[in-house]
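For reference, the structure discussed in these notes is given below.
The values are calculated or read from the model by the stated rules, or taken from the named source; none is laboratory data. Bear in mind that the values here come from a model prediction, so they are computed numbers and not experimental data. All Cβ positions, even for glycine, are placed from backbone atoms using ideal geometry, and neighbour counts span all protein chains on display. With ligands, DNA and RNA removed, areas are computed over all heavy atoms of the protein, side chains included. Shrake-Rupley method; radii C 1.70, N 1.55, O 1.52, S 1.80 Å.
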Amino acid sequence: MFNVFSKFTVMRLTKPTLFTNIPVTCEERDLPGDLFNQLMKDDPSTVKGAETLMLGEMLTLPQNFGNIFLGETFSSYISVHNDSHQVVKDILVKADLQTSSQRLNLSASSAAVAELKQDCCIDDVIHHEVKEIGTHILVCAVSYTTQAREKMYFRKFFKFQVLKPLDVKTKFYNAESDLSSVTDEVFLEAQIQNITTSPMFMEKVSLEPSIIVSTFGTRTYLQPMDTRQYLYCLKPKQEFAEKAGVIKGVTVIGKLDIVWKTNLGERGRLQTSQLQRMAPGYGDVRLSLETIPDTVNLEEPFDITCKITNCSSERTMDLVLEMCNTNSIHWCGVSGRQLGKLHPTSSLHLTLTLLSSVQGLQSVSGLRLTDTFLKRTYEYDDIAQVCVVSSKIKEN
């Protein structure tokens, strides 16, 4: 750490931690009696009236380099002190951070100091938001000129690891909002786990560019190894709601922005890369339900409203509707009727009547659409479920 003329010191700047102790107690009928309890009460580091708590009232300075996590701000204090009896000139202090992919200059100034007298020092504080995990090397270099006009140069290396603080997992669910006026809802489930050894205060978890309000109220603490799940519902803008071909091809959803604080307010921030979903495959023709009753009577007809969309952007279809009965669902009306021509990206609404011969939760199945131009048939089963009850039960 020492050179002929100068001493070079590098220290990481971190906030102190709350002092913790291990309480030792016993019952009054035990041999020590009240000795342990009295010692804890006399201990200045314990909380008065709550001596058995491990957390004390005092702060302790960092005893080691500590852990650095992705998304946090790395701060370091650099000091060059002239220990010699000479005046040195043209002192240049440079601090670089070497990562696995790049080398960054962290020095606040690139200008050289004209001279450094005996017992004087040059101080600098550097900051860097850590954006990569893995091995980092802080390279600190000092160059100066002696009174004998001799150029001197030396370096120090500080190697540290950047760890991952959170484990983020995402899942996409493509939902067709058959029973509403909005189509193509996308649900994003985000699971965020704290994989550090200290609790976190989750200041913000948002999906950009959407504005999301936390569903957890004021309880935003995440203990070590705890996992919290967030659910976002995304809907297309009104001008795109009816454009089935456009919505079907959208794969990029957005980015998660996560901001947290640790024990004494140290802030960290992570932003994921663009989240992508698998585009749903509707095929050439999409059939969705607009309306269907929740509960129907056994062996009594009920109506449903279907929406049929030509998802092709180029080809017109000539459609024929066939209705095939199942063991429980029976369609009312003429099967094989012509629906006419359906132009690209256009839709039509169709009201169908059916009844169920079996009680319970029944699946609506058996619809077939045939494009007479290509002689291609599209099958639609399990498009919805309906609860079938006896008419006597429903009256009661």
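What the chain shows is 58 Å² of accessible area per residue, with the surface traced by a 1.4 Å probe over protein heavy atoms. What size of dipole, in debye to the nearest 20, comes out for the chain about its Cα centre when the only charges are +1 on Lys and Arg C-beta atoms and -1 on Asp and Glu C-beta atoms? In total the dipole reaches around 1440 debye.
The trypsin sites (Lys or Arg not before Pro) of the stretch 326-396 that meet both conditions, a loop assignment by DSSP and at most 13 other Cβ atoms within 10 Å of the site Cβ, are LYS375. As a ratio to 2.2 N^0.38 Å, the alpha-carbon radius of gyration for the chain is 1.64. For the chain, a Gaussian network of Cα nodes joined below 10 Å ranks GLU208, GLU290, GLU150 by mean-square fluctuation, and the top entry is GLU150. For the chain, with the dipole built from +1 on Lys and Arg beta-carbon atoms and -1 on Asp and Glu ones, taken about the Cα centre, which of LEU163, ALA190, SER79 lies farthest toward the positive end? Farthest towards the positive pole: SER79. Within the chain, the longest segment free of exposed loop sites, counting chymotrypsin sites (Phe, Trp or Tyr not before Pro) that fall outside DSSP classes H, G, I, E and B and have at most 15 other Cβ atoms within 10 Å, spans 217-372.
Going through the cross-link list LYS94/LYS131; LYS171/LYS235; LYS89/LYS151; LYS7/LYS151, which pairs have a Cα-Cα distance over 18 Å in this structure? Over 18 Å Cα-Cα: LYS94/LYS131. Here the Gaussian network model covers the chain, with springs between Cα atoms less than 10 Å apart; of GLU203, GLU299, GLU266, GLU299 fluctuates the most. Derived scalar couplings between HN and Hα for the stretch 343-351 equal 6, x, 6, 9, 9, 9, 10, 9, 9 Hz in order, rounded to whole Hz, by the Karplus curve 6.51 cos²θ - 1.76 cosθ + 1.60 (θ = phi - 60°), x for Gly and Pro.
Note on LYS48: aspartates and glutamates with a C-alpha under 12 Å away, same-chain residues under 8 apart excluded, are GLU57. Ignoring lysines fewer than eight residues from LYS375 along the same chain, the ones with Cα atoms less than 19 angstrom from its Cα are LYS341. Rounded to the nearest whole Hz, the Karplus-based 3J(HN,Hα) values (6.51 cos²θ - 1.76 cosθ + 1.60, θ = phi - 60°) of the stretch 163-172 follow the sequence 9, 8, x, 10, 10, 10, 10, 10, 9, 10, with x at glycine and proline.
Less than 5 angstrom separates the built amide H of LEU298 from those of VAL389, SER390, SER391, all sequence-distant by 5 or more or on a different chain.
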